[in-house]
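Everything on this sheet refers to the single structure shown next.
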There are 2 protein chains.
Amino acid sequence: MSSQPRYAAIKEHIRAQIESGKWPAQFRVPSENQLAQDFSVSRMTARRALSELTDEGVLMRSQGLGTFVAEPVPAGSLLEVRNIADEIAARGHSYANRILKLEQAQAGTEVAVALGLAEGAAVYHSIIVHLDNGLPIQFEERYTNPTLVPEYLQQDFTHCTPNEYLTRVAPLTEVDTTVEAVGASGEVARALEIAENSACLQIWRRTKSSSGTVSFARLVHPGSRYRLGAQLRF
Amino acid sequence: MSSQPRYAAIKEHIRAQIESGKWPAQFRVPSENQLAQDFSVSRMTARRALSELTDEGVLMRSQGLGTFVAEPVPAGSLLEVRNIADEIAARGHSYANRILKLEQAQAGTEVAVALGLAEGAAVYHSIIVHLDNGLPIQFEERYTNPTLVPEYLQQDFTHCTPNEYLTRVAPLTEVDTTVEAVGASGEVARALEIAENSACLQIWRRTKSSSGTVSFARLVHPGSRYRLGAQLRF
DNA sequence: TGTACATTCTTGTATATACAACTTGTGTTT
DNA sequence: AAACACAAGTTGTATATACAAGAATGTACA
């Protein structure tokens, strides 16, 4: 067993206060000296907890003023291809999904081009709605290349998302992502339980492994319930 | 003029070695003790330089082994801070803009936090609509830190965008980007000449230079006229 | 009244030190 | 030859201390 460092305990304590709502955004958190006294550590150790949380976007500091709880951070990341179930779990919410379709279909022009197959070739087609605390947060329509992932349809996606399964069986080498804003169509609006034509973030994602294009997905998020974030340094 | 901290000089030195190619990926960086000796600082100061570069993804460390140069990170166009005028020019279209507002204002809570200023402090506020072949393609609302860019309001933005000007006077070190989908508000809809509540891609962008947070902008694109793309490799 | 100054509390930088934990090589013992 | 013990070098954690810098408040003085 490995005991965690002392600054980690302070970080956890602060996170807990924030997540429980006791310390809302803009709340002034105890000073370095105060925390040092409360936790019986040196100021530098308390400082490390505050500094790391600041780097992580949880807190904001300003010399002479103090340390404050930052606005809640956006959920998704533009840089990583993350699993929606993991993202939800990381927020401490419950994950569930509804499988609306799981079938074999014929590739239309667009899908055929994206997957590098002939038009009319057999492809796997799935539509799944992902729920965050019971609230629909992503409409996922996916076309998968059967020659690369022959057992796709047999999977149990109630506890393992397609994304998770695919990255396991076919390690990614390249991902093309396109982001746009669209009004929700009838089908999407019903599935996401939002008004028709309300603003949605639509992500097109084509994933390739060494052997070819594995999958082509359209991910639609209600604009009011999802954001993408990225942090770049130079 | 403020002299930069000593650990920053060490960071710069290491970055310079990497960028010049002298220290390729996997190269073993001098140890904390070695750097401390070379730069005549304490080990903890040298350590800070290495730790920050590790957090930034530039280096990798492992206990007992040493510190090594990390693989360069992939970055797509979603991630570059590009000038909208250049983007339009690259497509061979004509660029123009309409300046709707250019004034000094008082920072509200959100703006103050984002810029690291006190609430009610003076900030520069501009609203500009960018046109692609005469069609509105971006609604740009920007708050700028007057202490870092005092001459912002005097600029002529008809041929040089704020983004272009800011990157020239204050080289960026860090950019936070958030992307979401929203329905166009009345003001935005009028400026972009689209229907109210139609889907728009809204990008929040906070740019920092070495001396602090320079600017905080909201960029709204009509969903039907704009997309963002990124390509990642692994 | 109001301006200037001093005080106090905050975060930021820097140092010196100590010990823990991990990795590698070296040498000794079995 | 294999196993073990040890030393050296590395990063990781933690402390005590000092001073610098920014911000707010109160106080003295003009």
| Can you pull out the residues in the stretch B:1-29 that are within 12 Å of DNA strand C (Cβ to nearest atom) and within 27 Å of the chain's Cα centre (by Cα)? | B:S2, B:S3, B:Q4, B:P5, B:R6, B:Y7, B:A8, B:A9, B:I10, B:K11
| message | Can you go through A:Q26, A:Q104, A:Q37 and tell me which one is out of contact with any Lys or Arg (no Cβ under 8 Å at 6 or more places or on another chain), at pLDDT 90 or above and among the polar types (S, T, N, Q)? | response | A:Q37
| Which numbered condition A:T109 fails, given (1) touching a residue at least 24 places away in the same chain (Cβ under 8 Å); (2) hydroxyl-bearing (S, T, Y); (3) over 18 Å from A:L219 (Cα atoms) | (1)
| field | Total residues in the stretch A:110-166, condition more than 30 Å from A:A195 (Cα to Cα) and among the hydroxyl-bearing types (S, T, Y) | value | 3
| the stretch B:214-229 residues that are of a type in the set (S, T, Y), paired with ones that are open to solvent by 30 Å² or more (accessible area, probe 1.4 Å) and modelled with pLDDT of 90 or more (beta carbon under 7 Å, 6 or more apart) | B:S215/B:Y143
| field | the stretch A:30-46, residues that are closer than 15 Å to A:V69 by Cα, near DNA strand C (Cβ under 6 Å from one of its atoms) and not polar (S, T, N, Q) | value | A:E32
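The values are calculated or read from the model by the stated rules, or taken from the named source; none is laboratory data. Quantities reported herein were computed from a predicted structural model and do not represent experimental measurements. Here Cβ is always computed from backbone atoms with ideal geometry, including for glycine, and neighbour counts include all displayed protein chains. Note: accessible area is taken over every heavy atom of the protein model, side chains too, but ligands, DNA and RNA are not part of it. Shrake-Rupley method; radii C 1.70, N 1.55, O 1.52, S 1.80 Å.
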